[in-house]
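Here's the structure, in structure tokens; my notes come after.
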Number of protein chains: 2
Amino acid sequence: MIIDCHGHYTTVPTAHTEWRHHQLAAFLEGRQAPPYPAISDDEIRESIEQNQLRLLRERGADMTIFSPRASAMGHHEGDERVSVPWSRACNDLIARVVGLFPETFVGVCQLPQSPGADLKASIAELERCVVELGFVGCNLSPDPSGGKWTAPPLTDQYWYPIYEKMVELDVPAMVHVSSSANPAFHATGAHYINADTTAFMQFVQGDLFAGFPDLRLVIPHGGGAVPYHWGRYRGLADMLNKPPLSAHVMKNVFFDTCVYHQPGIDLLFRVIDSGNILFGSEMVGAVRGIDPETGHFFDDTKRYVDAAGLSEADAAKVYCGNARRVYPRLDRALRSRGR
Amino acid sequence: MIIDCHGHYTTVPTAHTEWRHHQLAAFLEGRQAPPYPAISDDEIRESIEQNQLRLLRERGADMTIFSPRASAMGHHEGDERVSVPWSRACNDLIARVVGLFPETFVGVCQLPQSPGADLKASIAELERCVVELGFVGCNLSPDPSGGKWTAPPLTDQYWYPIYEKMVELDVPAMVHVSSSANPAFHATGAHYINADTTAFMQFVQGDLFAGFPDLRLVIPHGGGAVPYHWGRYRGLADMLNKPPLSAHVMKNVFFDTCVYHQPGIDLLFRVIDSGNILFGSEMVGAVRGIDPETGHFFDDTKRYVDAAGLSEADAAKVYCGNARRVYPRLDRALRSRGR
């Protein structure tokens, strides 16, 4: 069984995205947002069958851990009163996808974070999504300001309430920013990768996992710059008088395989233990074209993983075992179905 | 001949650093800064001989392109009237090192950038350093705000005056931020690497080199996350309808080898043309310890380059030829000495 840990609903029905525009316009004009539109099952079915489901089948994966479009989370747009209904609408749409394709998709929620706001609304939404909708994790943004980086580091006590709830519910978070409101940062080319790198270094600097030994965080996009600079991070941990990264960070932190070329994937497997790597494609995501050097889609990451020369045991971990371990609620759901 | 393109004077005499503290304290208190202290040649000689020169010899390099301590540039501290005398003091100290060890060190200057200020003072200081002090390049920070990222992208017209001066003087810049005033970003573990990644993506998004075909920029720390995510950047260029990176960016942009483990260096050479890679160590820099996995210093990058299996021709480019091409004033100085 092959589980893609990183898929986004980037192909939502138009009415959903249009409502967001109306919602933000209403906020700016001090009006009430219009009611959320009716979206038929057929529209949702079509948007999935023609995109994620088709690609999943063509590429040979079985299941996607599926979350709302990351670039549209937009925590920095409007305020918390805007972020809450938007997050609910996005998460409810994911729940409908899961309801229509329960064998193929499992839900992960976006959180109604908002710059400067506390995490109460995020905790409530996480609980709703896990307990009522059957989701198995969440996306947590280390920078709800959208590229201004005004939030405290992920090791700060500010974040502890959501970590406590995650541990209580036994769900992990993928550390994932949304779009960039800062012209210095291209969203998928700079902001995403920087956030991955930044989050990892925050974990190196802090001692978060000493206090939260059961917390699990997935850093997407192959861990940002981290595997490429693995020597730097091992050296910085040493200079900061921290334990080796294997003990200090890597019991709790996992990387996906959203690295869009063979040399990158090969490096990832060369330096990071296979127990810390979850297959992911970010599909349908940041890069949708075909690599002229290979003739295959850049984001068909399964090809790279298949060509990385993993042992059968390691491949089983990367494709399935690690995801079931990091997302135990998914594991339980699969077991209950005899998978 | 082996040229290290990335060395910093991190081991300055104490009096220099103390003056900086006095200067900033005076700024905060609205006082005049005290006069810059007398520092003897012996102090400078000792600080170099015991550190950079010793390590250079132990590790087998011949020459370092040498600039002030990057983390101390501190463009965000004080204002432009603080940044100008501080930059002059730092650059004058580099000039004294070069004067004492002319066979081993060649100067690169820091610029008196300041958040929100124009680049007139930076242009004047660049000209002074190149014309009067014989420097061969500069460090240019894409984020003088120190982690707030308030400056426009490097492709913005804001930067054009300094690029024009660089082209006129035939000197390159290393794109290098200073320390981080943002608690989200560890300086050497996140801010530096993020800046490298961010700058590269700005170049992908823009069309800077169409207008400045002779501009040359070195992105340090192995290009941040870029080589690891080379497929992503090739794919993003394609999605942005840009020419291939080889034509769009890589005629003008170079990466150094400040990547502190063998797998990272191997990846760098696997994906980036050897004509775009300059040997560098960032020494004495971010990571000063010994890698327990190898028994050698993390930042002894020559070992990794030597073990990367380069052809003799490629090694000659990386160790020397590319540096002489990117820094033509260095080449001319070396030729005039028959080297």
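The values are calculated or read from the model by the stated rules, or taken from the named source; none is laboratory data. As the structure is a computational prediction, the values presented were derived from the model and not from experiment. Every residue, glycine as well, gets a Cβ built from its backbone with ideal geometry; the counts of neighbours run over all protein chains shown. SASA here: full protein model, heavy atoms, side chains in, ligands and nucleic acids out. Shrake-Rupley method; radii C 1.70, N 1.55, O 1.52, S 1.80 Å.
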For the pair B and A, how large is the buried accessible area, both sides, in square angstrom to the nearest 100, if the probe is 1.4 Å? 4500 Å²
Let me know the shape class of the protein assembly as shown, please: from the alpha-carbon gyration tensor, a ≥ b ≥ c as square roots of the eigenvalues, rounded when a/c is under 1.5, otherwise prolate if a/b is greater than b/c, or oblate. prolate
Rank A:His16, A:His296 by accessible area, highest first, at a 1.4 Å probe radius? A:His296, A:His16
Show me, for the stretch A:253-269, the HN-Hα J-couplings you get by feeding each phi into the Karplus relation (A = 6.51, B = -1.76, C = 1.60, θ = phi - 60°), rounded to Hz, glycine and proline as x. 10, 10, 10, 9, 9, 7, 10, 9, 6, 4, x, x, 5, 4, 4, 3, 6
Find out how many positive minus negative residues lie around A:Val218, taking Lys and Arg as positive, Asp and Glu as negative, among other residues whose Cβ is under 13 Å from that of A:Val218. -2
Evaluate 2.2 N^0.38 Å with N set to the residue count of the stretch B:105-231, then give the Cα radius of gyration divided by it. 1.02
Express in whole angstrom the spacing between the alpha-carbon centres of the stretch B:123-137 and the stretch B:208-286. 26 Å
Of every hundred units of 1.4 Å-probe accessible area on the stretch B:208-272, the number belonging to carbon and sulfur atoms, as a percent, is 52 percent
Accessible area per residue for the protein assembly as shown in Å², computed with a 1.4 Å probe and the full protein assembly in place, what is it? 35 Å²
Residues with beta-carbon under 14 Å from that of B:Gly206, excluding B:Gly206: net charge, scoring Lys, Arg +1 and Asp, Glu -1? -1
Answer rounded, prolate or oblate for the stretch B:259-330, using the Cα gyration tensor with square roots of eigenvalues a ≥ b ≥ c: rounded when a/c is under 1.5, else prolate when a/b is larger than b/c, else oblate. oblate
In whole Å, what is the distance between the alpha-carbon centres of the stretch B:39-69 and the stretch A:11-81? 58 Å
Here the stretch B:4-15 yields Karplus 3J(HN,Hα) values (6.51, -1.76, 1.60; θ = phi - 60°; whole Hz; Gly and Pro given as x) of 8, 7, 9, x, 10, 7, 7, 10, 4, x, 3, 4
Okay, helix-only estimate at 222 nm for chain A: each DSSP H run of n ≥ 4 adds -39500 (n - 2.57), divide by all residues, round to 500 deg cm²/dmol; what do you get? -11500 deg cm²/dmol
In order through the stretch A:150-164: 3J(HN,Hα) via Karplus (6.51 cos²θ - 1.76 cosθ + 1.60), integer Hz, x for Gly, Pro: 9, 7, x, x, 5, 8, 7, 4, 3, 8, 4, x, 6, 5, 4
Please find the FRET efficiency linking B:Ala307 to A:Leu24, where r is the Cβ-Cβ separation and R0 is fixed at 56 Å, and quote it to the nearest 0.05. 0.55
Label distances, nm, B:Arg270 versus same residue in remaining copies, Cβ-directed 7 Å point: 0.5
Please quote Rg/Rh for chain B to two decimal places, taking the Kirkwood radius as Rh and restricting both calculations to Cα atoms. 0.94
With point charges of +1 on the Cβ of Lys and Arg and -1 on the Cβ of Asp and Glu, referenced to the Cα centre of the stretch A:204-272, which listed residue (A:Gly264, A:Asn252, A:Phe212) lies farthest in the positive direction of the dipole? A:Gly264
To the nearest 0.05, what FRET efficiency results for A:Arg31 and A:Ala247 with a Förster distance of 45 Å applied to their C-beta separation? 0.25
When each copy gets a label point 7 Å from Cα toward the beta-carbon at B:Met239, what are the spacings between them in nm, shortest first? 3.3
As straight-line cross-link partners of B:Lys148, the qualifying lysines (C-alpha separation under 18 Å, not fewer than 8 residues apart within one chain) are A:Lys148
As a test question: what accessible area, to the nearest 10 Å², does A:Lys251 have when a 1.4 Å probe is rolled over all protein chains in place? 140 Å²
Lysines within cross-link reach of B:Lys317: Cα-Cα under 20 Å, excluding same-chain residues under 8 positions apart? B:Lys251, B:Lys302
Could you check how much of the accessible area of the stretch A:1-65 is carbon and sulfur, as a whole percent, using a 1.4 Å probe? 50 percent
Which lysines, if any, have their Cα less than 19 Å from the Cα of B:Lys120, not counting same-chain residues under 8 positions apart? B:Lys165
B:Leu100 label points, 7 Å along Cα→Cβ, one per copy: pairwise distances from this copy to the rest in nm, shortest first? 7.2
